[in-house]
Every structure is written in C-alpha cells, then in structure tokens.
Amino acid sequence: MKTKGLSLKTKLGFGVCDVGGNLFVTIMGFYILNFITDVALLGAALAGTALLVGKIWDAVIDPAIGFFSDRTKSRHGRRRPWMLGGAIAVFFFMILMYTNPHIQSQGWLFVWIIVVYCLLVTAYSVINIPYGALTPELSTDYDQQITLNAYRMSFAVVGTFIGVGGLFIVDMVANKDLGPMVMGAAMGAVICVTALITIFTIKEPARAVEEASEQQDFLKTYMAALKNRPFVLVLVAYALHMAGTNVVQAALIYYFKYIFEGAGSVQLALMPFLVMALVFIPIWTVVSKRIGKKWAYNIGMGLFAVIVMAVFLFAADRGPVFLYILMALAGIGYSTNYVMPYSIIPDTVQLDYAENGVRREGAYYGLWNLVNQIGVALALALNGWVLGWFGYVPNVTQTPLAKLGIRLLVGPISAVFVVAGVAILAFYPITRKYYTERILPRILARDKAGG
C-alpha cells in the first residue's frame with residue numbers, strides 16, 4: 001500500500017503524535033539534568049549516573065515492548081492499545097518527575113530520581129515504540145515514506161517549539177519548586193492529548209492482527225533484526241547522532257547561565273534553530289529524493305558538527321547574538337535528523353520482510369528506541385560526569401575550569417559523536433534503485449502469495 005492512497009486525515013493524524021514525542025525529547029534533553037542539579041540539588045555526577053541507570057532500564061524493556069506489541073491481538077490493532085496506556089501514564093509521571101521531593105539525603109534523592117525517571121521513560125516508550133512501528137505498516141513505497149515522515153517531523157518541530165515554551169513556563173513561575181511542576185503538568189497533557197488524537201484517527205491495516213500470529217520467539221526475532229546489516233548501520237549512526245546532539249542540548253542551559261552569565265537565553269537561541277529546522281524539512285525531503293536519504297542525512301549532520309565546533313571556538317567571546325546566528329545554521333543541518341532516520345528505517349524493515357516473510361516492526365522499533373535511549377543516556381551521563389570532573393557547583397559563579405568543561409560539551413565532545421555517526425552511515429547500502437529493484441518486487445510477490 002502506497003502513501004498516496006492514504007487520506008490527508010490519516011497523514012495528519014499519524015504525524016500529530018510526534019508533537020508530544022518531540023516535546024518529551026526536548027524537555028528531557030534541555031532541562032532534566034539542570035532540574036536535578038539546580039532544583040532538586042543532586043550532585044552533578046550522581047545526577048548523570050541516575051539518568052544513565054534510568055536509560056539502561058529503558059533499554060532493557062524497549063525490546064520487550066516491541067516484541068509484545070507485534071503479538072498483540074485486538075479489534076483495535078496491535079499498536080493503539082499500547083499507546084493508550086502510555087498516554088495516560090506519561091501525564092502523571094511527567095508531573096511527578098518535575099516535583100521537587102525536598103529529600104536532603106543525597107543517597108535517597110538519588111534513588112528517588114532513578115525510580116521516577118524509570119517510570120516516566122517506560123510510559124513514553126509504551127507510546128513511542130508502537131507509534132514508530134505504524135510507519136512501515138502504512139506504506140511500502142520508498143519515496144512516499146519520506147513524505148509520510150515529513151508530515152511526522154513537521155509536527156515534531158512543532159513539539160520542539162512547545163517544549164521550548166515549557167522552559168518559559170519554568171521561568172515565568174516565581175516559585176522555584178512550582179514552576180517545574182506546572183511545566184511538567186502542561187507538557188504531560190500535550191503528550192497525552194496528541195497521542196490520543198493519533199489513536200482515534202489512525203486505523204491500522206486489517207492484515208496487522210493476522211500478522212500478530214505469524215511471529216517467532218523472542219530470541220529469534222531479535223537475532224534476525226540484528227543480522228540485518230543495513231538496519232544495524234543506521235541504528236548505530238543514529239545513536240551516535242542522538243548522543244552528540246543531546247550533549248549540546250543538556251549543556252546549553254549551563255552555557256547561557258554560566259558562560260554568558262545570564263545574558264541571552266537558551267529559549268531565544270532555540271527559536272532560530274527550530275525555525276530553520278522547520279523551513280528546511282521540505283527542502284531536505286526534495287534533496288534526499290535527488291541524492292538519496294543517506295547522503296542528505298550525512299551532509300546535514302556534517303554541517304551540524306562544523307557549527308558546534310564554531311560555537312566552541314568563537315561564541316564565548318562574541319556573545320549571545322553570534323550564538324543565535326550559529327544556532328540558525330545548526331538548525332539547517334539538524335533538520336535532516338528529524339526526517340532522514342525515520343525515512344530510512346522503514347526500508348530496513350521492509351528488507352527483512354522481503355527476505356524472511358515475517359513482519360516484526362515492533363521488534364525493530366524496540367531496538368531503535370533502545371539504542372536511541374542508550375545514546376541519550378550516554379550524553380546525559382557524560383554531561384553530568386564532565387561537569388563533576390571540571391568542578392561544577394550549582395548556582396554560583398563558575399571557575400575557569402568549570403567553564404571550560406561546559407564549552408567542551410557544546411563543541412568537541414558533541415562533534416566527535418556526530419562525526420562518528422556520519423562515518424558509519426557512509427556504509428549504508430540501500431538506495432532507491434536497490435529498494436525498487438531488489439526489495440519491493442519481493443514484497444509484492446509475498447503479499448500476492450499471501451492473498
């Protein structure tokens with residue numbers, strides 16, 4: 001089934017869920033570490049470790065969510081029942097996560113952060129993994145998958161804007177404890193509502209329930225996915241990109257607070273970044289149809305790496321306005337990270353079906369989310385550790401050494417991850433010709449035989 005057969009209502013209904021998805025990523029990427037260190041007052045190194053533990057937990061359960069999602073049988077399909085439970089849970093856990101527990105003991109505060117964070121990321125995964133698995137179910141067409149994901153990622157940028165608005169909420173509320181909690185409630189409500197819109201708008205293909213019974217056991221399912229070389233290449237590249245970009249995200253709030261000493265704001269810096277990312281989504285979509293998804297993705301992320309190095313070398317001495325300009329340029333490159341990976345992964349899922357005759361989208365998106373979370377976990381933990389190593393102390397003027405640590409995060413450390421991802425993705429083999437000549441005919445043959 002090709003995307004051109006889908007109604008505009010379906011495309012919009014599918015895409016809107018990523019308003020909440022990317023809002024979640026934005027809030028967690030830009031603010032969670034700062035909330036833990038500067039509001040809840042957990043030490044930076046412990047904060048990074050707590051987030052790493054939470055992400056390890058998330059990495060453990062994500063494959064299970066994908067596995068059981070593939071096997072779910074209901075009259076509402078395989079994916080939407082999971083999304084419904086996650087949507088309700090994430091609202092409550094967002095509030096709990098951003099409520100200051102006022103725990104004096106560093107040990108018990110460390111435990112509290114881990115437990116609540118684990119609950120929150122579990123709820124988010126219960127939405128996000130089944131949601132991602134809908135993509136290859138809705139389309140098998142190489143180019144049209146780019147278009148479908150362009151809808152999704154346009155909404156994702158909107159979600160990022162709303163996430164930035166959440167940072168404004170924190171600043172607007174005078175009470176230092178109440179601001180984050182209000183923000184958590186507001187953002188949790190948006191995540192919940194946008195997921196519900198998708199749940200009640202999208203109708204899963206009729207074949208989905210039938211395919212729920214055509215599955216292998218857990219070990220064989222994931223071994224088959226990990227033998228899919230193109231999938232593994234894009235999986236590792238995306239994890240490295242997410243690690244690099246999340247290093248920047250988590251460190252920017254410290255950059256404005258301590259390098260610029262309150263001049264400018266991370267919210268204002270994000271505006272040109274997001275505007276340019278949104279503007280360039282359709283442009284990169286057209287470019288990718290000409291030069292291929294892989295090369296469009298690599299060019300964009302290569303540009304992002306160059307810009308963060310420019311931030312390290314020049315921004316501290318030139319002030320916030322110069323950084324805003326660099327952020328706009330970074331948004332042009334980062335726009336590819338919204339569209340390209342989510343257009344590439346369905347091709348690898350379809351390759352598996354063409355070769356093995358089993359549809360296991362949930363397993364693939366479970367692994368995708370797992371490795372994504374590992375990348376994010378590594379970034380957040382690394383930020384906390386680097387801050388600790390360089391002598392960071394919250395809410396005071398930082399030493400030159402601590403400022404250097406912050407600048408290294410928004411620069412070389414991030415760039416290393418991104419460049420490594422670009423290098424690995426260069427070996428990704430599936431082109432439009434490869435897909436249309438070697439994958440799609442086998443898919444159509446299998447579907448015809450099944451019919």
Check: So for the pair residue 226, residue 189, with labels modelled 7 Å out along Cα→Cβ, what separation do we get in nm?
Finding: 4.4
Item checked: Helix-only [θ]222 nm of the chain, DSSP H runs n ≥ 4, -39500 (n - 2.57) each, per residue, nearest 500 -> -26000 deg cm²/dmol
Next item on the list: Could you sort 244-257, 432-445, 92-105, 267-280 so that the peptide with the highest average Cβ count within 10 Å comes first and the rest follow in order?
Entry: 244-257, 267-280, 92-105, 432-445
Next item on the list: Give the angle, between 0 and 90 degrees and rounded to the nearest 10, that separates the Cα long axis of helix 178-201 from the longest principal axis of the Cα atoms of the chain.
Entry: 10
Item checked: Translational diffusion coefficient (Stokes-Einstein; Kirkwood radius from C-alpha pairs) of the range 335-428 at 25 °C, 0.890 mPa s, in µm²/s -> 151
Checklist line | Distance violations [Cα-Cα > 32 Å] among 9/293; 55/289; 55/294 | finding: 55/289
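Once you have the Kirkwood Rh of the range 53-153 from its Cα pairs, apply Stokes-Einstein at 37 °C and 0.692 mPa s and quote D in µm²/s.
213
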Item checked: Gain in span if fully extended, residue 73 to residue 438, counting 0.36 nm per residue against the direct Cα distance -> 128.2 nm
Next item on the list: Any chance you could give the angle, 0 to 90 degrees and rounded to 10, that helix 293-310 forms with the longest Cα principal axis of the chain?
Entry: 0
Notebook entry, point to check: Once you put a point 7 Å from the Cα of residue 172 and another 7 Å from the Cα of residue 88, both along the Cβ direction, what distance in nm separates them?
Noted result: 3.0
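Ranking request for peptides 11-21, 399-409: highest mean number of other beta-carbon atoms within 10 Å first, then the rest in descending order.
In descending order of packing, they fall as 11-21, 399-409.
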Margin query: Would you report the distance distribution of C-alpha pairs in the chain as whole percents per 10 angstrom bin, up to the bin with the largest distance?
Written below: 5, 22, 33, 25, 11, 3, 0
Notebook entry, point to check: For the pair residue 313 and residue 219, how long in nm is the line joining their label points, each one 7 Å along Cα→Cβ?
Noted result: 5.2
Note to self: Through the Karplus equation 6.51 cos²θ - 1.76 cosθ + 1.60, θ set to phi - 60°, convert the phi angles of the range 378-393 into ³J(HN,Hα) values in whole Hz; use x for Gly and Pro.
What the structure shows: 4, 5, 5, 5, 4, 4, x, 5, 4, 4, x, 5, 8, x, 5, 10
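Taken together, the values in this text are just the output of simple stated rules run on the coordinates, not laboratory data. The structure presented is a predicted model; accordingly, all values stated were derived computationally and were not measured. Quick reminder, even Gly has a Cβ in these numbers, built from the backbone with ideal geometry, and neighbours come from all protein chains shown.
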